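A short write-up of the structure that comes next.
The values are calculated or read from the model by the stated rules, or taken from the named source; none is laboratory data. Computed from a prediction, not measured in an experiment: that's the story for all the values here. In this analysis, Cβ positions are derived from the backbone assuming ideal geometry, glycine residues included, and neighbour counts consider all displayed protein chains.
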Amino acid sequence: MRFSEQSRVWIYQSDRELYEDEVKQLHEILNKFASEWTAHNHQLKAKAEIRYNRFLILIVDESQAGASGCSIDKSVNFIKRLEQEFGITLLDRFNLAYREGEKVLSAPRDEFEDLLRSGKINSNTIVYNNLVQNLEQLETKWEVPFKDSWHNQLFGSLVTD
(Lines give C-alpha, C1' and ligand atoms only; values in the text may rest on other atoms or scores of the structure.)
Protein backbone atom coordinates (compact mmCIF):
# COMPACT_ATOMS: atom_id res chain seq x y z
CA MET A 1 0.00 0.00 0.00
CA ARG A 2 1.50 3.33 -1.12
CA PHE A 3 1.15 6.43 1.02
CA SER A 4 1.36 10.03 -0.17
CA GLU A 5 4.42 12.04 0.90
CA GLN A 6 1.92 14.43 2.49
CA SER A 7 0.50 11.71 4.75
CA ARG A 8 0.33 12.92 8.35
CA VAL A 9 2.64 11.38 10.92
CA TRP A 10 2.69 11.23 14.68
CA ILE A 11 5.87 10.07 16.40
CA TYR A 12 5.88 8.71 19.92
CA GLN A 13 9.30 8.15 21.43
CA SER A 14 9.87 5.65 24.18
CA ASP A 15 11.95 6.74 27.15
CA ARG A 16 13.91 3.52 26.78
CA GLU A 17 14.88 1.04 24.10
CA LEU A 18 12.19 -1.57 23.65
CA TYR A 19 13.01 -5.25 24.05
CA GLU A 20 12.64 -7.47 21.00
CA ASP A 21 9.63 -9.30 22.46
CA GLU A 22 7.98 -5.93 23.21
CA VAL A 23 8.62 -4.77 19.63
CA LYS A 24 6.97 -7.92 18.30
CA GLN A 25 3.93 -7.43 20.56
CA LEU A 26 3.73 -3.72 19.75
CA HIS A 27 3.87 -4.40 16.00
CA GLU A 28 0.79 -6.60 16.29
CA ILE A 29 -1.07 -4.14 18.52
CA LEU A 30 -0.16 -1.13 16.36
CA ASN A 31 -1.12 -2.89 13.12
CA LYS A 32 -4.48 -3.86 14.61
CA PHE A 33 -5.10 -0.28 15.73
CA ALA A 34 -4.12 1.15 12.33
CA SER A 35 -6.37 -1.31 10.48
CA GLU A 36 -9.36 -0.37 12.66
CA TRP A 37 -8.71 3.39 13.01
CA THR A 38 -11.66 5.46 11.84
CA ALA A 39 -12.73 9.10 11.64
CA HIS A 40 -16.49 9.73 11.71
CA ASN A 41 -17.08 6.09 10.79
CA HIS A 42 -14.79 6.31 7.76
CA GLN A 43 -11.86 3.92 7.63
CA LEU A 44 -8.55 5.76 7.68
CA LYS A 45 -5.78 4.67 5.35
CA ALA A 46 -3.31 4.17 8.18
CA LYS A 47 -0.22 2.22 9.05
CA ALA A 48 2.18 2.03 11.95
CA GLU A 49 5.93 1.55 12.21
CA ILE A 50 8.49 1.04 14.92
CA ARG A 51 11.95 2.41 14.25
CA TYR A 52 15.15 1.77 16.19
CA ASN A 53 13.17 -0.16 18.85
CA ARG A 54 12.28 3.26 20.28
CA PHE A 55 9.93 5.26 18.03
CA LEU A 56 6.28 4.35 17.42
CA ILE A 57 5.03 6.10 14.29
CA LEU A 58 1.43 6.39 13.15
CA ILE A 59 0.84 7.42 9.53
CA VAL A 60 -2.43 8.48 7.91
CA ASP A 61 -2.86 9.15 4.21
CA GLU A 62 -5.68 11.68 4.25
CA SER A 63 -6.39 11.44 0.52
CA GLN A 64 -9.46 9.26 1.19
CA ALA A 65 -10.45 10.33 4.73
CA GLY A 66 -8.86 12.89 7.02
CA ALA A 67 -7.95 12.35 10.64
CA SER A 68 -10.39 14.31 12.81
CA GLY A 69 -10.10 15.58 16.35
CA CYS A 70 -11.98 12.53 17.59
CA SER A 71 -9.76 10.10 15.69
CA ILE A 72 -6.64 11.84 16.98
CA ASP A 73 -8.04 11.61 20.51
CA LYS A 74 -8.53 7.86 19.93
CA SER A 75 -4.87 7.53 18.98
CA VAL A 76 -3.67 9.49 22.04
CA ASN A 77 -5.81 7.33 24.33
CA PHE A 78 -4.43 4.26 22.57
CA ILE A 79 -0.86 5.50 23.17
CA LYS A 80 -1.65 6.15 26.85
CA ARG A 81 -2.85 2.55 27.18
CA LEU A 82 0.40 1.33 25.60
CA GLU A 83 2.37 3.37 28.13
CA GLN A 84 0.58 1.61 30.98
CA GLU A 85 0.69 -1.86 29.42
CA PHE A 86 4.42 -1.73 28.59
CA GLY A 87 5.67 0.46 31.45
CA ILE A 88 7.10 3.09 29.09
CA THR A 89 6.70 6.82 28.58
CA LEU A 90 5.72 7.87 25.07
CA LEU A 91 4.20 11.34 25.52
CA ASP A 92 7.07 13.23 27.17
CA ARG A 93 8.16 15.77 24.52
CA PHE A 94 11.20 16.76 26.60
CA ASN A 95 12.70 13.31 26.55
CA LEU A 96 15.14 14.07 23.72
CA ALA A 97 16.66 11.43 21.45
CA TYR A 98 20.08 11.47 19.86
CA ARG A 99 22.41 9.04 18.14
CA GLU A 100 25.65 7.84 19.66
CA GLY A 101 27.42 5.68 17.09
CA GLU A 102 24.85 3.13 15.95
CA LYS A 103 22.76 3.44 19.10
CA VAL A 104 19.78 5.74 19.64
CA LEU A 105 19.68 7.09 23.18
CA SER A 106 17.44 9.55 24.95
CA ALA A 107 17.74 11.88 27.89
CA PRO A 108 15.43 14.13 29.88
CA ARG A 109 15.92 17.84 29.17
CA ASP A 110 18.28 18.51 32.11
CA GLU A 111 20.51 15.57 31.22
CA PHE A 112 20.43 16.55 27.53
CA GLU A 113 21.65 20.03 28.47
CA ASP A 114 24.48 18.49 30.54
CA LEU A 115 25.48 16.31 27.56
CA LEU A 116 25.67 19.46 25.41
CA ARG A 117 27.79 21.33 27.97
CA SER A 118 30.19 18.39 28.28
CA GLY A 119 30.53 18.07 24.49
CA LYS A 120 29.16 14.53 24.43
CA ILE A 121 26.42 15.93 22.16
CA ASN A 122 27.78 18.44 19.64
CA SER A 123 26.61 20.33 16.57
CA ASN A 124 27.11 17.25 14.38
CA THR A 125 25.33 14.77 16.66
CA ILE A 126 22.22 13.33 15.00
CA VAL A 127 19.06 14.27 16.88
CA TYR A 128 15.44 13.33 16.23
CA ASN A 129 12.81 15.91 15.32
CA ASN A 130 9.64 14.18 16.49
CA LEU A 131 7.62 17.25 15.49
CA VAL A 132 7.71 16.46 11.76
CA GLN A 133 4.24 16.67 10.25
CA ASN A 134 4.24 14.40 7.21
CA LEU A 135 5.91 11.41 5.56
CA GLU A 136 8.19 13.56 3.40
CA GLN A 137 9.50 15.38 6.49
CA LEU A 138 9.89 12.07 8.30
CA GLU A 139 12.25 10.93 5.56
CA THR A 140 14.17 14.22 5.20
CA LYS A 141 13.95 16.21 8.46
CA TRP A 142 13.51 13.69 11.24
CA GLU A 143 17.11 12.49 11.69
CA VAL A 144 19.26 15.60 11.39
CA PRO A 145 22.47 17.04 12.81
CA PHE A 146 21.90 19.09 15.96
CA LYS A 147 23.03 22.25 14.12
CA ASP A 148 20.16 21.83 11.58
CA SER A 149 17.42 21.04 14.11
CA TRP A 150 14.99 22.93 16.29
CA HIS A 151 17.12 21.71 19.20
CA ASN A 152 19.80 24.19 18.13
CA GLN A 153 17.39 27.11 18.51
CA LEU A 154 16.53 26.06 22.05
CA PHE A 155 19.85 24.66 23.29
CA GLY A 156 22.44 26.06 20.84
CA SER A 157 24.10 28.31 23.39
CA LEU A 158 25.13 25.19 25.34
CA VAL A 159 27.12 23.61 22.49
CA THR A 160 30.84 23.58 23.26
CA ASP A 161 32.28 22.81 19.81
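Consider only pairs whose beta carbons are under 6 Å apart and that are at least six residues apart or on different chains; among these, list those whose first residue lies in the range 136-155 and is crowded, with 16+ Cβ neighbours inside 10 Å and whose second residue is part of a strand (DSSP E or B).
Within 6 Å, the pairs are Leu138/Val9; Glu143/Ile126; Phe146/Val127; Ser149/Val127; His151/Val127.
When you look at Leu18, is it of a type outside the set (Phe, Trp, Tyr), out of contact with any strand residue (DSSP E or B) (no Cβ under 7 Å at 6 or more places or on another chain) and surrounded by 14 or more Cβ atoms within 10 Å (Cβ to Cβ), yes or no?
Details: of a type outside the set (Phe, Trp, Tyr): yes; out of contact with any strand residue (DSSP E or B) (no Cβ under 7 Å at 6 or more places or on another chain): yes; surrounded by 14 or more Cβ atoms within 10 Å (Cβ to Cβ): yes.
Yes, satisfied.
Is it the case that Asp110 is loosely packed, with under 13 Cβ neighbours inside 10 Å, out of contact with any Ser or Thr (no Cβ under 9 Å at 6 or more places or on another chain) and assigned by TED's automatic domain parsing to the domain that holds Val23?
Values: loosely packed, with under 13 Cβ neighbours inside 10 Å: yes; out of contact with any Ser or Thr (no Cβ under 9 Å at 6 or more places or on another chain): yes; assigned by TED's automatic domain parsing to the domain that holds Val23: no.
Answer is no for this residue.
Checking Ser75 against (1) touching a Ser or Thr at 6+ places or on another chain (Cβ under 9 Å); (2) under 27 Å from Phe3 (Cα atoms); (3) buried (at least 16 other Cβ atoms within 10 Å of the Cβ); (4) at pLDDT below 95, which test does it fail?
The one condition Ser75 does not meet is (1).
Suppose we filter the range 30-55 for residues that are surrounded by fewer than 17 Cβ atoms within 10 Å (Cβ to Cβ) and either of a type in the set (A, V, I, L, M) or at negative phi (or both); how many remain?
So the answer is 9.
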